[in-house]
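Each remark here refers to the structure printed beneath this line.
The values are calculated or read from the model by the stated rules, or taken from the named source; none is laboratory data. What you see is a predicted model; the values in this text were computed from it and never measured. As a convention, Cβ positions derive from the backbone with ideal geometry for all residues, glycine included, and neighbour counts pool all protein chains shown. When the accessible area is computed, the model is the full protein with side chains, heavy atoms only, and any ligands, DNA or RNA have been set aside. Shrake-Rupley method; radii C 1.70, N 1.55, O 1.52, S 1.80 Å.
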Amino acid sequence: MWGTAFAVMQMRHTKPDFRNGTAMNDAGSREHLLAELTELRQQLANTERPQQGEAVWHSLIAHTPVFVLILDRDHRIRYINRTDPGVMPQEILGRILDDFGTADYRGAVHERLDRVFQTGEPDVVEGSAAHPDGAIRWYEAHIGPIFEGNRLTALSIIAIDTTARKQAEEALRQSHEELRAIYNGITDGLVIFDIQAMKPLRINAAFSRMLGYSEQELGSLPPTQMHRREDFPRIQEHFEAVVRGRVLFFEGMPMLRKNGELLYADVTSARITWEDRPCVISFFHDVTERKRAQEALERERRTLEHLFRSSDHERQLIAYDIHDGLTQFLAGAIMQFDTFTHLKHRKPKEAERAFEAGITMLRQGHSEARRLINGVRPPILDEAGIVAAISHLIHEHREARGPKIEFHAEVEFDRLVAIQENAIYRIVQEGLTNACKYSRSDRVRIEIVQVADRIRIEVQDWGVGFELNKIGEDSFGLEGIRERTRLLGGRSTIQSAPGNGTHIAVELPLAIREDYQ
């Protein structure tokens, strides 16, 4: 009876309804298979020789790769076309279908079976069932009504084993999750750029944080906001080479953050196919700190080179002063004393004059020596401190009948460490010398003011001024002010323009001598 019923069963819908199931990538092929089975079943049911048609149908069903079952209203299995290896049909027939499903699957299948019995509408359900060997296998079950006349007497189930597909989907899902975790977790920026559309397709969070833009902002950001115009040629050359298929590394690519700051990134780029589109994938590693360290190292190298040159220059000037001044006085004194020795017995008066001339030259040499010492490091700086040393320096310039010099000091400390006192003295000395020698100003103002834990030094004149950008590297004075300030952890500004005088301002952190605290 059931074989005949199965051969002539009529399903109200020949196409399976996926509204309660899950449409997979191979749904089209399964739907096609079900449609062919239904059509063949109808053709066999209408054959002129029903017994022959039923035999053909049973042969076909027995060899189809899917499981075909017939259930009665009690959900008992009355027919099954085939079983797994090692399982006899007698072990299956007569048992309730719920016995073979997992707990979650049993509830879902039971509800769907009752619904088809009540409505006569076919349904699709997907779930897992326990295999006889204990393994869990996944099936997609297409449930259809079987009618005898107008009465719904049984259900047909065509079950397709989807275990392999499920395992592949799970492996793919895990791969996607791992890739997403890597994609979102890496600290380097990552951009996938569509070559044809000339716009980014994917931008990770690290790249957004790197530049300070949101992903939406970066998607429509023009290159002029991400790069300086002078860097365009090199970046364009890099991009075009990658498009041609080369894998390239761009060391220290300059980029602009949203706030206008400049950053540097090492960029590795390659051409890929993404979602069937030709694209370029680029990884951005922020090397701004490394770049700054390299630049600082280069500045230090230039500073040391400048200091060496400045030191050589100062030694050369001192050598000239000693040669043209002190040495000449000493050489003259020696000559006078030699003359005295030669004439003291024969010509006493001439010998006495030579002796007095020698003494005069020794005194002049002594004065010259003191001047040289004051120029290098005045003793008053070690004896009385920076304020007294600057006052003494100003007094010397006033005696030279130069411009009027104003000096204002407002400090609380007594003494600073020797290196800072010497640096402040040199800064004031250089600024004052330039003002008196070159500015032609009739007035110069010098200020030393303590503000909390910092000291500010200013030297200003109202003379002819000069163009700062025309000062060469051999201008040891102004460059020396900058470098001394920087090496002591301070900051300096030098402002000047033709006709507007010169203003030198230096600010240093205080370094008070411990024995004076």
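Worth a mention:
- Paramagnetic label zone (point 7 Å from Cα along Cα-to-C-beta, residue 294; backbone N under 17 Å) in region 243-275: 249-256, 262-269
- Remark: region 373-480 carries 53 Å² of accessible area per residue (probe radius 1.4 Å; ligands, DNA and RNA excluded).
- Length released on extending from residue 221 to residue 304, taking residue separation times 0.36 nm less the Cα-Cα span: 25.6 nm
- Per residue accessible area in Å² of region 131-269, where ligands, DNA and RNA are left out and the probe is 1.4 Å: 55 Å²
- Charge tally around residue 69: other residues with Cβ under 12 Å, Lys/Arg +1 each, Asp/Glu -1 each, net +3.
- Based on the Stokes-Einstein relation at 37 °C and a viscosity of 0.692 mPa s, and on the Kirkwood radius from alpha carbon pairs, region 415-517 is assigned a translational diffusion coefficient of 232 µm²/s.
- Residue ranges 81-87, 250-256 sort as 250-256, 81-87 when ordered by packing (mean number of other C-beta atoms within 10 Å per residue, highest first).
- DSSP-assigned coil residues among GluC sites (Glu not before Pro) in region 333-419, each with at most 12 further Cβ atoms within 10 Å: 412
- Extension gain from residue 168 to residue 322, taking 0.36 nm per residue of separation minus the Cα-Cα distance: 46.3 nm
- Region 112-241, accessible surface, carbon-and-sulfur percent (1.4 angstrom probe): 52 percent
- Scaling against 2.2 N^0.38 Å puts the C-alpha radius of gyration of region 178-246 at 1.19.
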